[in-house]
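**Student:** Input: one structure, supplied below.
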Amino acid sequence: MWRVDKFVIKGPHRLKGTIDAGGSKNAALPIMFATLLAEGRHSVRNVPRLADMEFSQRMLLHFGCPVEQRFHKSFGADWMVDATKITSSEAPYDYVRKMRASFFCMGPLLARTGRARVSLPGGCAIGARPIDLHLMALEKLGADIVQTNGYAEASCKGRLRGGKVIFPKVSVGATENALMAAVLAQGTSVIENAAREPEIQSLAKALRGMGAMISGEGTSTIEVQGVEKLRPMDFAIPPDRIEVATYLIGAQMSGGDVTVRGACADDMEVVLQMLEQTGAKVERGADYVRVIGSEKIRPVDAITAPFPGFPTDVQAQWITLMTQADGDSLVTETIFENRFMHVPELVRMGADLTISGSSVRIKGKRGTLHGAPVMATDLRASASLVLAACVADGESEIKRIYHLDRGYETMEHKLEALGAEVDRHVDS
């Protein structure tokens, strides 16, 4: 069960210093479930220590796969997953309701055992995330699927069959589930209108290391030649591009100077270019990214889009940045229908924001934010409120930061290393 903690942040502070990028949550989640595809002991390194990863561990244990963890001194961990035997092919409601990414187990379980029974996840705070595309893809690969009593039940006789999957819209999760199922299918599978995100590319790289035959990841068409058997995984989780983007946006917001070691600039180039448009200086190194904040922040509009476009997971942080810009800007959300729940909380802190349909109009002016008690409603909303509190005048309380703990490892310590004044308390 989550602890009901809160952050108390005193501002304003310029964020300055160097921190290390953590492992990517969005890459780690499907890769953890990919270990179900092969017998033996899997080694997965640089796993972030997050609430979602704890849920993943519990699910792997439920499937009969013991997990050993070796924690690093500061952050991150290495996992050994023993997937020699799978004793259950069912993901109960109690697991899936706590973490929607639990649905990633369906493709691997079906491909290896011929059966998967997974609770339907339903909606979530930022909007509906239907799993119809996941089920359609598995049907195209030869699965028989029945939905009953709140569960999706998938089965196949023998191996799955290679097929052509054409997604009517881009879906990262459905692409990942289809990819994991296809690697053990008989014959060739083609996934069209596939998601192109770096996390897809990481999953493909991890699967290829297990012996899968995959080509085209990073493009809209992925081809998979199925194999009969895979070997255990030995893979390191890549850096979290959303975490990195959050701290770099904080550097520009606060007029600071932040370097993130271990970051990959190529994975977040659109965000870096937009930061440059606001006036920030960006240094791209082989294993780091540095942002030096500008005296004035120019307003820059943003429209979320699938990769390589502007990521929806950075939308809330960008709105917070634009509250400090010298002029008006517009941020439009095209991925999720209910991802502006941070807006009323930012208004409580003095931001001048107006929601109109799928867009937010921001009237920016540096120094207008003030400390206030606010409520986190989802993961990225939490991050936007933390950034606002770092530049706000006075003390802010950010409640329900268990949302934050799902995607930001040791955030308070990293912010403290950058000069912020952050304390974690149990909320009374």
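The values are calculated or read from the model by the stated rules, or taken from the named source; none is laboratory data. In this text the structure is predicted, and so the values were computed from the model without any measurement. Cβ atoms come from the backbone with ideal geometry, glycine included; neighbour counts cover every protein chain shown.
**Student:** Within the range 274-289, count every residue that is within 15 Å of Gln252 (Cβ to Cβ) and either touching a Ser or Thr at 6+ places or on another chain (Cβ under 9 Å) or modelled with pLDDT under 95 (or both).
**Tutor:** Residues meeting the conditions: 6.
**Student:** Considering only residues of the range 148-167 that are surrounded by fewer than 13 Cβ atoms within 10 Å (Cβ to Cβ) and at pLDDT below 95, which is nearest to Pro92 (Cα to Cα)?
**Tutor:** Gly150
**Student:** Output the qualifying pairs, or none if there are none: Cβ atoms under 6 angstrom, residues six or more apart or on different chains, first residue in the range 307-320 and more than 16 Å from Leu272 (Cβ to Cβ), second residue in a helix (DSSP H, G or I) and modelled with pLDDT of 95 or more.
**Tutor:** These pairs meet every condition: Ala316/Ser384; Thr320/Ser384; Thr320/Leu387; Thr320/Ala388.
**Student:** Are any of the residues in the range 104-117 surrounded by fewer than 19 Cβ atoms within 10 Å (Cβ to Cβ), out of contact with any strand residue (DSSP E or B) (no Cβ under 8 Å at 6 or more places or on another chain) and among the hydroxyl-bearing types (Ser, Thr, Tyr)? Explain how you work it out, then say what you get.
**Tutor:** Taking the range 104-117 as the starting set, the residues that turn out to be surrounded by fewer than 19 Cβ atoms within 10 Å (Cβ to Cβ) are 113-115.
Among the residues that remain, those that are also out of contact with any strand residue (DSSP E or B) (no Cβ under 8 Å at 6 or more places or on another chain) are: 113.
Subset that is among the hydroxyl-bearing types (Ser, Thr, Tyr): 113.
For the range 104-117, residues surrounded by fewer than 19 Cβ atoms within 10 Å (Cβ to Cβ), out of contact with any strand residue (DSSP E or B) (no Cβ under 8 Å at 6 or more places or on another chain) and among the hydroxyl-bearing types (Ser, Thr, Tyr): present.
**Student:** Let me ask something else. I'd like the full set of residues that are surrounded by 17 or more Cβ atoms within 10 Å (Cβ to Cβ) and closer than 14 Å to Ala21 by Cβ, limited to the range 254-270.
**Tutor:** Result: Val258, Thr259, Val260, Gly262, Ala263, Cys264, Ala265, Asp267, Met268.
**Student:** For the range 273-289: of the residues being more than 23 Å from the chain's Cα centre (by Cα) and polar (S, T, N, Q), which is nearest to Gly17 (Cα to Cα)?
**Tutor:** Thr278
**Student:** A follow-up question, please. Would the range 140-160 turn up any residue that is assigned to a loop (DSSP other than H, G, I, E, B), in contact (Cβ under 8 Å) with a residue 60 or more places away in the chain, under 18 Å from the mean Cα position of the chain (by Cα) and not assigned by TED's automatic domain parsing to the domain that holds His342? First the steps, then the outcome.
**Tutor:** Quick first cut of the range 140-160, residues assigned to a loop (DSSP other than H, G, I, E, B) only: 141-143, 149-150, 156-160.
After this cut, where a residue has to be in contact (Cβ under 8 Å) with a residue 60 or more places away in the chain as well, the list is 159-160.
From the residues that got through so far, the ones that are under 18 Å from the mean Cα position of the chain (by Cα) too are none.
No, the range 140-160 contains no residue that is assigned to a loop (DSSP other than H, G, I, E, B), in contact (Cβ under 8 Å) with a residue 60 or more places away in the chain, under 18 Å from the mean Cα position of the chain (by Cα) and not assigned by TED's automatic domain parsing to the domain that holds His342.
**Student:** Just to be sure I understand, how many residues within the range 30-56 are at pLDDT below 95 and touching a helix residue (DSSP H, G or I) at 6+ places or on another chain (Cβ under 9 Å)?
**Tutor:** Residues flagged as at pLDDT below 95 and touching a helix residue (DSSP H, G or I) at 6+ places or on another chain (Cβ under 9 Å) within the range 30-56 amount to 6.
**Student:** Here is a further query. Look through the range 131-162, keep the residues that are in contact with a strand residue (DSSP E or B) (Cβ under 9 Å, 6 or more places away or on another chain) and among the β-branched types (Val, Ile, Thr), and return whichever of them is farthest from Gly114 (Cα to Cα).
**Tutor:** Looking at the filtered set, the residue picked out is Ile131.
**Student:** hydroxyl-bearing (Ser, Thr, Tyr) and part of a loop (DSSP other than H, G, I, E, B): does that describe Ser74?
**Tutor:** Working: hydroxyl-bearing (Ser, Thr, Tyr): yes; part of a loop (DSSP other than H, G, I, E, B): yes.
In short, yes.
**Student:** Does the range 87-95 contain any residue that is in contact (Cβ under 8 Å) with a residue 40 or more places away in the chain and either of a type in the set (Lys, Arg) or closer than 22 Å to Tyr408 by Cβ (or both)?
**Tutor:** no
**Student:** How about the range 314-364: which of its residues are surrounded by fewer than 16 Cβ atoms within 10 Å (Cβ to Cβ) and in contact with a Phe, Trp or Tyr (Cβ under 8 Å, 6 or more places away or on another chain)?
**Tutor:** The one that is surrounded by fewer than 16 Cβ atoms within 10 Å (Cβ to Cβ) and in contact with a Phe, Trp or Tyr (Cβ under 8 Å, 6 or more places away or on another chain): Ile355.
**Student:** A further question follows. Could you go through the range 95-105 and let me know if any residue there is over 21 Å from the mean Cα position of the chain (by Cα), assigned by TED's automatic domain parsing to the domain that holds Gln186 and either at pLDDT below 95 or of a type outside the set (S, T, N, Q) (or both). Break it down into steps so the answer makes sense when it comes.
**Tutor:** So in the range 95-105, the residues over 21 Å from the mean Cα position of the chain (by Cα) come out as none.
No.
The rows are residues; the columns are (1) aliphatic (A, V, I, L, M); (2) in contact with a Pro (Cβ under 7 Å, 6 or more places away or on another chain); (3) under 16 Å from Val270 (Cα atoms); (4) in the same structural domain as Gly250 (by TED's automatic domain parsing).
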| position | (1), (2), (3), (4) |
| --- | --- |
| Arg298 | no, no, no, yes |
| Pro306 | no, no, yes, yes |
| Val314 | yes, no, yes, yes |
| Trp318 | no, no, yes, yes |
| Leu321 | yes, no, yes, yes |
| Ala325 | yes, yes, no, yes |
| Phe336 | no, no, no, yes |
| Met341 | yes, no, no, yes |
| Glu345 | no, no, no, yes |
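**Student:** I would also like to ask the following. Buried (at least 16 other Cβ atoms within 10 Å of the Cβ) and under 16 Å from the mean Cα position of the chain (by Cα): does that describe Ala251? I'd like the intermediate steps shown before the answer.
**Tutor:** Values: buried (at least 16 other Cβ atoms within 10 Å of the Cβ): yes; under 16 Å from the mean Cα position of the chain (by Cα): no.
So Ala251 does not fit the description; no.
**Student:** What are the pairs, 6+ residues apart or on separate chains, where a residue within the range 408-428 that is free of Cβ contacts under 8 Å to residues at least 12 places away in the same chain has its Cβ under 6 Å from a residue that is outside any helix (DSSP H, G or I)?
**Tutor:** What qualifies is Glu416/Val422.
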